[in-house]
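Read the structure below first, then the notes.
The values are calculated or read from the model by the stated rules, or taken from the named source; none is laboratory data. These figures come from a predicted structure and were not determined experimentally. Every residue, glycine as well, gets a Cβ built from its backbone with ideal geometry; the counts of neighbours run over all protein chains shown.
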Amino acid sequence: MIKNLFIPERLRGYYLFPVHILGFDIGKTSVKATLLMCKGSDITVEKCFEQTIQAATPADYQEGATAAIKIILEQAGQCDHIISALPSSQAIFKELKLPFIGLETIKKIIGYEVEPLLPFSLNDAVIDCIVTREIPEENSSEVLVAAVQNQYMAQHLALFEAAGVQPDKVTIDLFAFYGLYKLIPSYAQQPGGIVLLEIEPQSTRMAYLYNGQLRFIRTLPKGLVDQARIVAQSLGISEQESLENIIRFGLEPENPDASTNTIKQSFIAFFNDIIFTLQSFAMKAKPAQSINKIIIFGTGATIKGLPELLTDLAHIKTEIFQVNGLIHNGFGVNAKTAIPQANMVSFATALPLSTTANFNLRQKDFALSARRTIARQLIAAGILLGLILGSLLLNTFWQRRKLKKEAYQSEQETIIALKERIKNIPDDLTSIDDVLSAAKTQINQEEKVWSAFSNTARQRFLEYLMELTNKIDKSSLGLDVEKLTITPEVIILKASVRGFEELRALEHNLNESKLFKEAEPVPDPNFKTNGMVFRIVKKSGQRGRP
């Protein structure tokens with residue numbers, strides 16, 4: 001989405017837009033997932049999924065796991081981010097102490113520090129780390145590095161590629177759960193040695209913490225299925241039936257279909273292996289440390305009687321992990337549905353509040369392509385630019401059309417108003433320019449007509465007549481006037497006199513007037529046809545009107 005390309009979806013822990021995150025925990029027999037919805041400062045657990053992997057043989061595992069992922073994706077709907085947890089059995093863990101503080105600085109040099117400790121080349125693996133402890137007085141940090149060979153990353157990502165999706169991040173199952181554990185105050189503040197124990201059908205995972213610091217991680221290739229096989233052989237029943245009885249009834253005496261003692265004996269042997277591993281944890285620590293508590297989570301946490309049995313055997317207090325400490329302690333995490341114990345890892349994987357949220361094995365050849373992101377940004381920018389330009393062009397076209405319509409209406413109103421006021425404009429004229437030209441011509445004509453009747457025109461007209469009367473003696477000249485025309489420029493006199501002598505006298509008298517310029521000579525005493533023309537002398541400020 002465009003908002004994810006150009007606008008940060010999260011600012012200081014506050015989600016600007018609703019975001020759906022789907023966390024996966026892929027095991028050997030099932031795929032578990034948890035869907036979170038992050039909005040504002042709240043995180044809601046919307047759905048939890050568990051889909052059995054249908055694989056008749058190990059060769060069918062990839063196809064069965066991919067099918068299970070597809071089913072979960074369909075049930076989950078649209079997701080903004082997909083995060084997957086890689087099994088800790090596929091990683092090698094190394095604890096380091098570095099003279100640095102700050103995760104960004106540590107990640108720049110962690111490869112050089114851990115390479116001599118790995119049993120394979122650094123080029124054949126991807127690595128990342130989490131800071132488990134900072135020592136400000138020493139300006140140093142203790143980190144736990146996870147290294148995963150490329151082949152395991154490729155196999156893991158291939159499951160999602162076959163399902164048509166790409167995880168945004170790949171983490172480690174126990175790293176994710178450690179982040180969830182640290183979020184719960186009642187757990188994070190517990191001193192001494194703590195063991196996080198997950199018992200699953202095919203494997204058992206253990207993490208050792210001391211004073212809240214993650215120190216060691218181990219995976220045993222044994223789980224509930226192995227115990228079910230032992231019980232099935234002893235009781236002569238199928239492994240599936242035996243497993244169902246263990247999960248359903250556990251070590252409770254009311255189990256009708258299986259011997260409680262047989263189940264108990266199988267788990268005693270199983271727990272002895274676990275206790276041996278736990279003791280190696282304590283002995284490996286320097287100085288040697290004791291284990292104060294065991295916290296069981298995962299599918300094994302649902303089996304009745306297991307915590308009590310482990311407490312009796314190891315003489316260590318054992319309890320079930322409780323996530324309610326996170327949901328009901330003001331972290332903004334709530335749940336629409338109960339979170340099954342089997343989904344604790346997938347829930348921790350999806351949870352963005354975790355202190356291990358920056359851990360990501362999608363590096364080197366497995367990193368999401370930056371070109372793809374840039375291409376998406378360029379495409380989105382092009383689309384946005386096209387929309388903006390299109391909107392501007394559309395708005396310009398609309399405004400121009402609107403203005404043209406208003407201008408046309410104004411022209412028509414003007415034409416109608418002019419034709420109503422000026423009656424002589426032809427009806428066939430429809431152009432505003434033609435109508436204005438005709439109106440101007442009509443107005444000029446009317447001005448000429450009305451100018452003759454103005455006070456100034458009448459005064460000048462009388463002045464000219466008086467001057468002509470004073471300069472012309474009709475009786476002595478024998479003047480016979482046929483027509484006198486007075487214009488703003490000239491006076492034309494059409495008349496006749498008795499002879500040439502009278503004609504020269506008339507011209508002489510008119511030329512003596514200060515109102516007229518010298519008259520144009522006429523060749524004949526009878527000038528009724530062409531007339532005698534003499535121009536009017538204009539006064540200062542006069543513009544051609546009499």
Residue ranges of helices (runs of 4 or more DSSP H) in region 302-356 with at least 1 members under 20 Å from Lys182 (Cβ atoms) and without any contact (Cβ under 8 Å) to a residue 12 or more places away in the chain: 324-327
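Could you check region 247-262 and list, in sequence order, the residues that are in a helix (DSSP H, G or I) and either at pLDDT 85 or above or in contact with a helix residue (DSSP H, G or I) (Cβ under 6 Å, 6 or more places away or on another chain) (or both)?
Listed by number, the list holds a single entry, Thr262.
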Cβ-Cβ under 6 Å, sequence separation 6+ or interchain: first residue in region 488-511 and farther than 17 Å from Ser476 by Cβ, partner of a type in the set (A, V, I, L, M). Which pairs? Val490/Val533; Ile492/Val533
Being modelled with pLDDT of 75 or more and basic (Lys, Arg), is that true of even one residue in region 455-462? no
Pairs please, first residue from region 172-190 and among the β-branched types (Val, Ile, Thr), second anywhere and part of a helix (DSSP H, G or I), Cβ atoms under 7 Å, 6+ apart in sequence or on different chains. Ile172/Ser88; Ile184/Gly325; Ile184/Leu326
Find all pairs meeting these conditions: Cβ atoms under 7 angstrom apart; at least six residues apart or on different chains; first residue within region 429-440 and within 14 Å of Ser410 (Cβ to Cβ); second residue surrounded by 13 or more Cβ atoms within 10 Å (Cβ to Cβ). Ile432/Glu411; Ile432/Thr414; Ile432/Ile415; Val435/Ile415; Val435/Leu418; Val435/Ile425; Val435/Leu429
Does region 92-105 include one or more residues that are assigned to a helix (DSSP H, G or I), modelled with pLDDT of 90 or more and either on the phi > 0 side of the Ramachandran plot or not hydroxyl-bearing (Ser, Thr, Tyr) (or both)? no
Which listed residue is in the same structural domain as Ala85 (by TED's automatic domain parsing) and either at pLDDT 90 or above or more than 19 Å from Pro201 (Cβ to Cβ) (or both), from Asn343, Asn292: Asn343
Look at Ala76 and say whether it is of a type outside the set (Lys, Arg), in the same structural domain as Ser354 (by TED's automatic domain parsing) and surrounded by fewer than 19 Cβ atoms within 10 Å (Cβ to Cβ). yes
Which listed residue, of Ala146, Ala176, Ala163, is over 13 Å from Ala85 (Cα atoms) and either under 37 Å from the mean Cα position of the chain (by Cα) or modelled with pLDDT of 95 or more (or both): Ala163
Regarding Pro136, is this residue in the same structural domain as Phe93 (by TED's automatic domain parsing), over 24 Å from Thr302 (Cβ atoms) and of a type outside the set (S, T, N, Q)? yes
Kindly indicate whether any position in region 363-379 is modelled with pLDDT under 85 and either touching a His at 6+ places or on another chain (Cβ under 6 Å) or in a loop (DSSP other than H, G, I, E, B) (or both). yes
What are the pairs with Cβ atoms under 9 angstrom where one residue, in region 76-91, is more than 19 Å from Phe359 (Cα to Cα) and the other, located anywhere, is in a helix (DSSP H, G or I)? Sequence gap at least six, or different chains. Cys79/Leu73
Criterion first (crowded, with 16+ Cβ neighbours inside 10 Å and either free of Cβ contacts under 8 Å to residues at least 24 places away in the same chain or touching a Lys or Arg at 6+ places or on another chain (Cβ under 7 Å) (or both)) does Thr277 satisfy it? yes
For region 148-169, state whether one or more residues are in contact with a helix residue (DSSP H, G or I) (Cβ under 7 Å, 6 or more places away or on another chain) and part of a strand (DSSP E or B). yes
Kindly indicate which of Leu468, Leu429 is hydrophobic (A, V, I, L, M, F, W, C), modelled with pLDDT of 75 or more, more than 30 Å from Pro525 (Cβ to Cβ) and surrounded by 10 or more Cβ atoms within 10 Å (Cβ to Cβ). Leu429
Would a scan of region 53-70 turn up a residue that is touching a Pro at 6+ places or on another chain (Cβ under 7 Å), buried (at least 17 other Cβ atoms within 10 Å of the Cβ), among the polar types (S, T, N, Q) and within 28 Å of Glu198 (Cα to Cα)? no
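One line per residue, one yes/no per condition, for (1) crowded, with 16+ Cβ neighbours inside 10 Å; (2) of a type in the set (Asp, Glu):
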residue: Ala207; (1), (2): yes, no
residue: Arg215; (1), (2): yes, no
residue: Asp226; (1), (2): yes, yes
residue: Ser234; (1), (2): yes, no
residue: Ser238; (1), (2): no, no
residue: Leu243; (1), (2): yes, no
Conditions (1) within 30 Å of Glu50 (Cα to Cα); (2) at pLDDT below 85; (3) loosely packed, with under 13 Cβ neighbours inside 10 Å -> Leu353 fails only (3)
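Kindly establish whether Lys32 is basic (Lys, Arg) and more than 26 Å from Pro201 (Cα to Cα).
no
Tally time: how many residues in region 112-137 are within 20 Å of Asp365 (Cα to Cα) and surrounded by fewer than 19 Cβ atoms within 10 Å (Cβ to Cβ)?
Residues of region 112-137 within 20 Å of Asp365 (Cα to Cα): 112, 114-115, 118, 120-129.
Retained after the next criterion (residues that are surrounded by fewer than 19 Cβ atoms within 10 Å (Cβ to Cβ)): 112, 115, 118, 120-124.
Result for region 112-137: 8.
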Of the criteria (1) in a helix (DSSP H, G or I); (2) polar (S, T, N, Q); (3) closer than 18 Å to Leu361 by Cα, which one Ser186 fails: (3)
